[in-house]
Amino acid sequence: MSVTLQCPGYPEDTLRSLADRLPCREAQVSSLLSLMGQPDQYSYPSFFIYGHRATGKSHVVLTIMKDLELPHASVDCVECVSGGLLFQQVLSAFFGPNAAALLPRCPSLSDFVRLYKQMSSSTPAAQTRYIILDRAERMRDMDFSLLPALLRLQELVNDNVTVILLSEIVWEKFRPNTGCFEPLLFHFPDYSKAELVQILSRDHHPSYTPELYASYINILLGVFFSVCRDLRELRHLALLNFSKFCEPLEKGEAKESDIHKLWKNIEPHLHRAMQTVYLREVSSMQWEQQQMDEKEATTLRGLSAHAHIELPYYSKFLLIAAYLASFNPARTDRRFFLKNHGKIRKTNFLKKHEKTSNHLLGPKPFPLDRLLAIFYSVVDSRVAPTASIFSQISSLVTLQLLSQVGHDDQLDSPKYKCAVSLDFILAISRTVSFDVVRYLYDFL
C-alpha cells in the first residue's frame, strides 16, 4: 500500500518515491520533513535522532537528503578521531576542498567557526545546510566544548545550518554536565514483526513467487524474532538459509503450497543456526560450501562446531575458565585448582546434599577476579595480566559468549556469566588439549 507524503515546498513525485523507498518509516519521514520545514526557511538549530541499531536512522536521513537534493555533509564519527577531521569534512562538503585546505594543521573550534563564517558570507546558503553526524556517541570522547558548540552552530556562524546527531543511546547519557543548547529529540522505534515481514519480503528471489518468500520470512521470524530484531542481521540470515528452505522444491519432493513440509525441512537447521546469531563465524561462501557438505552428511552440523577457529589462543582459555566459574560452586575452586588444597570431604557426601545438577540450574554469575584466578590456573604457560587479556574478555562479551550482569557501577568488580553450551566448550577445550570434564563438579 503506497503512502503519499504531504509536505509543502517539495515535489510531490519525489515525496511519493521517497515513501516507496522507505517502507514502514512513513510517519518518521513525515515528522522529520515537518520539523525541517521548507528548504529556503530557517530550520531548528539541532536534532537528536536516537534508536537501536538497524532501525533506519541513517538510511532515512540520508535518503531524504539525497532524493530532495538538500545540501548536506555526512560525517561518520568513528572515522573522526579528532575535531579537525570533522571540520575538514564539513568544509569540503559545503565549500569544496580548497576551503578545507585553509584550516591550520591543528584547527581549533574558533578556527572552524571563523572560516565557516568567511566562506558562508561569500557563498550564502539558498537552502538549509545540514550536518549529519552518524554514531554521534563517539563525540563524547572528543573535546568537551565541541558538542555544545555544534548544537548552537547556527547561532555561532549566523548561517542557515542545522546539525543532526544520530545515535544509539539516549540524550540523557549525552548531555554535558555544564549544560548546553537542547536539541529536538526524535525517536526511531524498533520494527515490529509485521513491518519486518513487509521489508524483508521485498528481497524475494526472482525464481520463486513473492508469496513463497513471504512464507519463508514468516518462518524465519518465528524462530529468530525473539532473539534478534536487527534488520541487517535478519536479512543476512534470510539470504543464507533460503537455499536450504528450497531444497525439497528442487528435488521435487514438495510444491510451493506445501509450507508445512518446507517448514519441517528447515526447522532444525534454523534452531541450530540461532546459536550463532551475530557471530558471523564463516563467510557467505563458506556457508554455501557447508550447505553442500551437509547434503551428503547424515547429520546436520551447526556453526558452533567451527567457532573455535575464530578465537585467539588465550581467549579459548578465558572462555573455559568462565565456563568453570559459572558451573562450579565457588567453594570447590580449592579442590580443582590448588595442589595442596588440604583435607577435602568425600565427593559422595557432597553429592548427597546437592541433588540438582549445576548444569540444570544454569550458569551463575562470577566476579572478574575469580575468572582470572581460574584462568591463570588452567593456562599452560605463565601469562602476565596485561591489557591484552582484559581486551579479550571484552571481545568475548561483544561476541555474546560471555554476558556482563549487573549495572555499570565502577565501585564494584564487574560480574559475568558464561553463555555457551557444554558441547561448545568441549569443542573449544579439544583444540587446546584441555580436559574440561576433569574440572567440572557435576562430573565428579
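The values are calculated or read from the model by the stated rules, or taken from the named source; none is laboratory data. Note that the coordinates shown come from a computational prediction; the quantities given were computed from them, not determined experimentally. Positions of Cβ are generated from backbone atoms using ideal geometry, with glycine treated the same way; all protein chains shown enter the neighbour counts. All accessible areas refer to the heavy atoms of the entire protein, side chains included, with ligands and DNA or RNA removed. Shrake-Rupley method; radii C 1.70, N 1.55, O 1.52, S 1.80 Å.
Counting only helices (runs of 4 or more DSSP H) wholly contained in segment 1-117, the ones carrying 1 or more residues that are closer than 22 Å to Ser145 by Cβ and open to solvent by less than 10 Å² (accessible area, probe 1.4 Å) occupy 83-95. Could we say that Asp423 is assigned to a helix (DSSP H, G or I), more than 19 Å from Phe337 (Cβ to Cβ), modelled with pLDDT of 85 or more and open to solvent by 70 Å² or more (accessible area, probe 1.4 Å) here? When the stated conditions are applied, Asp423 passes them. Among residues of segment 95-120 that are among the aromatic types (Phe, Trp, Tyr), those with a Cβ under 6 angstrom from a residue that is part of a helix (DSSP H, G or I) and open to solvent by less than 90 Å² (accessible area, probe 1.4 Å), sequence gap 6+ or separate chain, pair up as Phe95/Met119; Phe112/Phe87; Tyr116/Val157. Within segment 128-154, how many residues turn out to be more than 18 Å from His72 (Cα to Cα) and either hydroxyl-bearing (Ser, Thr, Tyr) or part of a helix (DSSP H, G or I) (or both)? Qualifying residue count, segment 128-154: 10. In the set (1) out of contact with any Lys or Arg (no Cβ under 7 Å at 6 or more places or on another chain); (2) of a type outside the set (Asp, Glu); (3) loosely packed, with under 15 Cβ neighbours inside 10 Å, the condition left unmet by Ile132 is number (3). Every test in (1) open to solvent by 30 Å² or more (accessible area, probe 1.4 Å); (2) touching a Lys or Arg at 6+ places or on another chain (Cβ under 6 Å) is passed by His187 save one, and that test is (2).
Table: residues versus (1) surrounded by fewer than 12 Cβ atoms within 10 Å (Cβ to Cβ); (2) touching a residue at least 60 places away in the same chain (Cβ under 8 Å); (3) hydrophobic (A, V, I, L, M, F, W, C).
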position: Phe174; (1), (2), (3): no, yes, yes
position: Cys180; (1), (2), (3): no, no, yes
position: Val197; (1), (2), (3): no, no, yes
position: Tyr216; (1), (2), (3): no, no, no
position: Leu234; (1), (2), (3): no, no, yes
position: Leu239; (1), (2), (3): no, no, yes
position: Ser243; (1), (2), (3): no, no, no
position: Lys251; (1), (2), (3): yes, no, no
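Among the residues of segment 319-353, those that are open to solvent by 80 Å² or more (accessible area, probe 1.4 Å) and either polar (S, T, N, Q) or at pLDDT 90 or above (or both) comprise Asn340, Asn348.
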